[in-house]
Amino acid sequence: MYVICFVFTGDELFTDSCGDRIRRNGLLYEVDCLYAKESLGIDESKIGANASAEEAEEGVEDASVQGLDVIIQNRLQKGAPHDKKTYAVIIHSIILLYTTQLAGTKA
């Protein structure tokens with residue numbers, strides 16, 4: 001399994017488990033996502049035991065997670081929120097890193 005990471009920080013973006021839904025456009029990756037709901041509960045049919053008659057009342061509510069399938073499968077976390085000025089500074093520094101790397105590869 002390949003893990004696609006951000007070149008400069010090493011942050012994991014996604015894995016190749018998406019298969020043919022990943023397209024590379026020059027420096028960018030384009031990934032098709034689906035809105036999905038994943039259940040975090042236990043499937044009692046796979047345990048291989050019968051439910052107790054005494055504890056039939058004791059059920060546990062199953063938790064679930066909703067979101068884009070690539071985010072759920074790779075367990076990506078939400079980053080810290082930025083205001084417009086901080087975001088512009090971050091994007092500017094990333095663009096500078098890309099331009100210096102591209103200048104080095106052309107030489």
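Bear in mind these aren't lab numbers, they're just calculated from the coordinates by the rules spelled out. It should be emphasised that the depicted structure is a prediction, and the values quoted were computed from it without experimental measurement. Counting neighbours? That spans all protein chains shown, and the Cβs are built from the backbone with ideal geometry, glycine included.
Values computed for the structure shown
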{"item": "From phi via Karplus (6.51, -1.76, 1.60), per-residue ³J(HN,Hα) for the stretch 94-101 in Hz, x at Gly/Pro", "result": "5, 4, 4, 4, 5, 5, 5, 5"}
{"item": "Amide hydrogen neighbours beyond the local backbone of F14, cut-off 5 Å, H modeled", "result": "I4"}
{"item": "From phi via Karplus (6.51, -1.76, 1.60), per-residue ³J(HN,Hα) for the stretch 83-92 in Hz, x at Gly/Pro", "result": "7, 5, 5, 5, 4, 5, 5, 5, 4, 4"}
{"item": "Sites Y2 and V89, calculated FRET efficiency, Cβ-Cβ separation with R0 35 Å, nearest 0.05", "result": "0.65"}
{"item": "Neighbour net charge for L76 - beta-carbon separation under 12 angstrom, K R +1, D E -1", "result": "-1"}
